[in-house]
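Engineer: Just passing along the structure, written as structure tokens.
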Amino acid sequence: MEQPHENAPRLTPNHFELKHAHTTITYDTAAFDGKPRLSYHAPHYHTAQTFSGDQIRTQPHAIGSLITVTLQVIPDLEERLLTLLLPAIQLVGTDEEPFQAVGILTTQRDSIAGPGPGPAQIYQVLHLEGVARFVDA
């Protein structure tokens, strides 16, 4: 007996929309110019930033894809990073799929004098609700 989605095309999503409270993140694996694009909007922090190409670091991992951008660099003080942990998703018989993901805001302490006492990284975890889609170019 044939399964409901047995002959349906399998697509890997290339467009992700994520939300946490008032924070919204949009990530395209390849935008109109063929380069990845990520938009981060956090009104609570008065932040709206867009990243593309080499500004986005992607690392496949056994637990999903790690997508990292640098939000802010303050020399001799700190660097703020956003890392998304996106699960592997297959679209079968549908053009979108809801999912949950994790975002990690990392504050990396920095000093010309070297590491100070305490942790070098401070993390804020965002529990994200998302929708993955395949969008034709």
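Engineer: Could you tell me whether residue 125 is β-branched (Val, Ile, Thr) and surrounded by 13 or more Cβ atoms within 10 Å (Cβ to Cβ)?
Structural biologist: Here the answer is no, as residue 125 does not meet what is asked.
Engineer: Do we find a residue being hydroxyl-bearing (Ser, Thr, Tyr) and more than 19 Å from residue 102 (Cα to Cα) anywhere in region 60-82?
Structural biologist: No - not one qualifying residue is present in region 60-82.
Engineer: Test residue 88 against the criterion of being crowded, with 17+ Cβ neighbours inside 10 Å and either touching a residue at least 40 places away in the same chain (Cβ under 8 Å) or outside any strand (DSSP E or B) (or both), and give yes or no.
Structural biologist: Here the answer is no, as residue 88 does not meet what is asked.
Engineer: I've got another one for you. Among the candidates 33, 110, 95, single out the residue that is at pLDDT below 95 and surrounded by 13 or more Cβ atoms within 10 Å (Cβ to Cβ).
Structural biologist: Only one candidate passes the filter, namely 110.
Engineer: Here's a follow-up. Any chance you could count how many residues in region 88-137 are among the polar types (S, T, N, Q) and either in contact with a Pro (Cβ under 7 Å, 6 or more places away or on another chain) or over 24 Å from residue 10 (Cα atoms) (or both)?
Structural biologist: 6
Engineer: Right, something else. In region 41-60, what residues are free of Cβ contacts under 8 Å to residues at least 12 places away in the same chain and surrounded by fewer than 14 Cβ atoms within 10 Å (Cβ to Cβ)?
Structural biologist: 46, 48, 54, 59, 60
The values are calculated or read from the model by the stated rules, or taken from the named source; none is laboratory data. Being a predicted model, the structure only gives us computed values, none of them experimental. Here Cβ is always computed from backbone atoms with ideal geometry, including for glycine, and neighbour counts include all displayed protein chains.
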